[in-house]
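Here is the structure we will look at, set down as structure tokens.
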Amino acid sequence: MALFAQQPGPAQILREPLFEISGTPVTLVTLIIAAAIILVSLIVAGLIRRTLERFIVQRQQDALGRGNLRVTIRLVQYSIVVGGTLIALNTVGIRLTALFAAGALFAVAIGFAMQNVTANFISGVILLIERSIKPGDILEVEGHFVEIREMGIRAAIGRTLNEEDLIIPSSHLVQSVVKNFTLRDPLARLRALVGVTYDSDMALVRATLEGAVAKLEWRSRTKPPVVFMKEFGNSSVDWEASVWFDDPWNRQRRNSDLHEAIWWALKDAGITIAFPQLDLHLDEDVVDAMRRDRRRGASATTKRNPS
């Protein structure tokens, strides 16, 4: 009679408990559902990312706006994937509280072995959430002047003035002092120092410098240029002229234009640009001794070469 016992059907096999997690039986059905949830979340996240990039990012003309949208899209994509994964784990009986506890222990265990990777990952998440640095921003990082092209979890990719790609770990952007020229607006300030001789007409110097920086076509009209006397140097009276502009990526070119404008304006006005000088004062006894030595040398030369 046992030979003719009814064999389990496919439906019964799918529902047969394989093991238990926290008292919840796990079957093939639950595993298939969990895998399907993760797969669907990946597909939905990818579709949403491509759709947003196609219809929103491409229509945004501003580089800063495109950077903000890309960061937002990436956060949405990660949120969908993480949410789907958590739902899938809950489906198979893995309670989120236990998962978080195990995750904390796991994080501590691998934290010592992968400190740099973990620090970069956490820093990348912080940057994506805070959005203090975005694609399109102009930064100065550890002496490098770069434009951020891509923002990732582990690192950011920046383009230097020499057309080189610079991979910047996320931890460097979070833990170091970073100068962001485009955080709130693209305005930046250029300063030029120049020293004139003490006998110069200082009123004319001020008027000349103000006229030179006012004629710069690329300067920002929202903030006026500033000219002031900085200090009394050893060989010159030092002045500073500063101007605002909204193109920080071309900072070197604008700096050259500013200095050239000041140079030619001072030349045309007949104002002498000072250079370091040193006045040497000797005591009379030293001067007399040098004169006596010179006379002896001249006498000795005459005796050796009589004419």
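The values are calculated or read from the model by the stated rules, or taken from the named source; none is laboratory data. Since the structure is predicted, the reported quantities are computational estimates derived from the model, not experimental observations. Cβ atoms come from the backbone with ideal geometry, glycine included; neighbour counts cover every protein chain shown. Each accessible area value is taken on the protein alone, full model and side chains, heavy atoms only, with ligands, DNA and RNA left out. Shrake-Rupley method; radii C 1.70, N 1.55, O 1.52, S 1.80 Å.
What to note about this one:
- Within region 127-182, the residues that satisfy the criterion of being closer than 22 Å to Arg74 by Cα and of a type in the set (Lys, Arg) are Arg131, Lys134, Arg149, Arg154, Arg159.
- Cβ separations smaller than 6 Å between residues 6+ apart or across chains give no pair from region 146-169 residues that are farther than 14 Å from Lys134 by Cα to residues that are open to solvent by 40 Å² or more (accessible area, probe 1.4 Å) and outside any strand (DSSP E or B).
- Cβ-Cβ under 6 Å pairs, at least 6 apart or on other chains, region 181-201 side farther than 14 Å from Trp249 by Cα, far side aromatic (Phe, Trp, Tyr) and surrounded by fewer than 13 Cβ atoms within 10 Å (Cβ to Cβ): none
- Only a single criterion out of (1) modelled with pLDDT under 75; (2) farther than 23 Å from Ile129 by Cα is not satisfied by Asn68, namely (2).
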